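The values are calculated or read from the model by the stated rules, or taken from the named source; none is laboratory data. If you're wondering where the values come from, they're calculated on a predicted model, not measured in any experiment. All Cβ positions, even for glycine, are placed from backbone atoms using ideal geometry, and neighbour counts span all protein chains on display. When the accessible area is computed, the model is the full protein with side chains, heavy atoms only, and any ligands, DNA or RNA have been set aside. Shrake-Rupley method; radii C 1.70, N 1.55, O 1.52, S 1.80 Å.
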Amino acid sequence: MAPAKKSKKTKKKLKDQRKCKSVSIVSLEPKPLESDWWDSFWQKNSSTCGSAVNDQVEGFKYFFRASRSTFDYICSLVREDLVSRPPSGLINIEGRLLSVEKQVAIAMRRLASGESQVSVGRAFGVGQSTVSQVTWRFIEAIEERAKHHLKWPNSNRTEEIKSNFKKTFGLLNCCGAIGATHILMTLPAVETSDDWCDQEKNYSMFLQGVVDDEMRFLDIVTGWPGGMTISRLLKCSGFYKLCESGARLNGSSEIFNGAEIREYIVGDTEYPRLPWLITPYANKNLSSAMAGFNEMQKNARSLAGKAFSQLKGAWRILHKVMWRPDKRKLPSIILVCCLLHNIIIDKGDKLEGGVPLSDHHDSGYRVESCQQIEPFGETLRENLIRYLEHCKNNPSG
């Protein structure tokens, strides 16, 4: 018996049902953002913190070096850049788009830990290529959006810095401390040269910084090969040119017993003694006044070394030996770490006790000795010693 023919009405009904079924399996909604990244990250990685971390608040600072409020501020700086540029495959293993917060977390963890992109990716549930892409996008965004966190201070802030150096170290009219450190790296054979090979036979790039009384970077220069001398590094910097032209360290002088004490910074013997850069006495047979000056000057210039220890301790990518970095991009990585260092200070965050390096930031490197002495630099140092002796003999005046 032949099957009964379907009526036109029945055929239309079946056709409509098939249409509805085909539409229902296509999702028109965009992929959801992964907003609960911290909960899953903490659950997966909290065991790696060690006994020093007691709760999630401390754990957050352990992994990202910043408090949650400072982290949110950093996200606000780069949000427009990270959202406006279409993500290219930035998804986690569950197929959800990475939120801005998670992108920032990935980049900051990469910089803070110095671990490989594979290790960082495993901690967040993303691939190595995603870590690479996210980190570089973050670096480009911070480099552009956070420039205001690293600048030479205005006159009011300069007066505060000078007042604090005088109160803490006894140095009149001092505006900061200068120092330099090496960023170590390996290079492919085709890129090796004596320029990049430093005094300790390591391949390195220099970072020079001037810091204030709170170890905030006021000026940096980087990108130069570690094989050059620090005195040459200084003279290649824009900071040197500004100071020599009178455009920087040009504020009001102090007059003591008719002698002028102009604005200056302090540095170690590896720097030349200039009218605006005061170094310690290098010879051994010193008078008590000279030895006293050296001690005060050493304490003041140690702020630069402490700043580098904090920088390299917090952003361990700068402390570890970098594997064949792109030397054109490395200065941007160094700059962004300095910007993050300053943001943490500006926002009032305190680094955990174990974060700064326990040893010297340039462990194994000898302090060079620069023989260049300019007469006005020597005169300024002598005036400072007379001022310090006066303060010592007249504590109430």
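Tabulated data
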| item | result |
| --- | --- |
| Cα long-axis angle, helix 155-169 against the chain (0 to 90 degrees, to the nearest 10) | 60 |
| Cα gyration tensor, region 104-225 - rounded (a/c under 1.5), prolate or oblate | oblate |
| Region 280-319 versus region 192-265: alpha-carbon centroid distance in Å | 14 |
| Whether region 253-397 is rounded, prolate or oblate, judged on the alpha carbon gyration tensor where a/c under 1.5 counts as rounded | prolate |
| Proximal charge balance of Gly226 [Cβ under 11 Å; K/R count +1, D/E count -1] | -4 |
| Tensor-based shape of the chain (alpha-carbon gyration tensor, a/c under 1.5 rounded, otherwise prolate or oblate) | prolate |
| Between 0 and 90°, nearest 10: helix 68-84 axis offset from the chain longest Cα axis | 60 |
| Pair Glu374, Arg328: separation of 7 Å Cα→Cβ label points (nm) | 3.6 |
| Under Karplus coefficients 6.51, -1.76 and 1.60, residue-wise ³J(HN,Hα) of region 42-49 in Hz, glycine/proline x | 5, 4, 7, 10, 4, 5, 8, 6 |
| Entries in Lys44/Lys151; Lys162/Lys320; Lys61/Lys201; Lys167/Lys320; Lys102/Lys312; Lys166/Lys329 that, when Cα-Cα distance is taken, lie over 30 Å | Lys44/Lys151; Lys162/Lys320; Lys61/Lys201; Lys167/Lys320; Lys166/Lys329 |
| Semi-axis lengths (Å, descending) of the ellipsoid that matches the C-alpha gyration tensor of region 213-308 | 23, 19, 14 |
| Carbon plus sulfur fraction of accessible area for the chain, probe 1.4 Å, in percent | 52 |
| Candidates Lys284, Lys298, Lys61: whichever shows maximal mean-square fluctuation once the chain is modelled as a Gaussian network with Cα springs under 10 Å | Lys284 |
| Gain in span if fully extended, His148 to Glu389, counting 0.36 nm per residue against the direct Cα distance | 82.8 nm |
| Crossing angle, helix 330-346 versus the chain [Cα axis fit, 0-90 degrees, rounded to tens] | 80 |
| Cα pair count fraction exceeding 23 Å, expressed as % - region 172-264 | 39 |
| Cβ-derived FRET efficiency at R0 35 Å, Ile255 paired with Ala282, nearest 0.05 | 0.75 |
| Two-site FRET efficiency, Asn156 against Ala289, from Cβ-Cβ distance with R₀ of 35 Å, rounded to 0.05 | 0.60 |
| Solvent-accessible area per residue, Å², over region 131-272 with all protein chains present [probe radius 1.4 Å] | 41 |
| Using a Förster distance of 35 Å, the FRET efficiency for Asp359-Tyr73 (Cβ separation, nearest 0.05) | 0.65 |
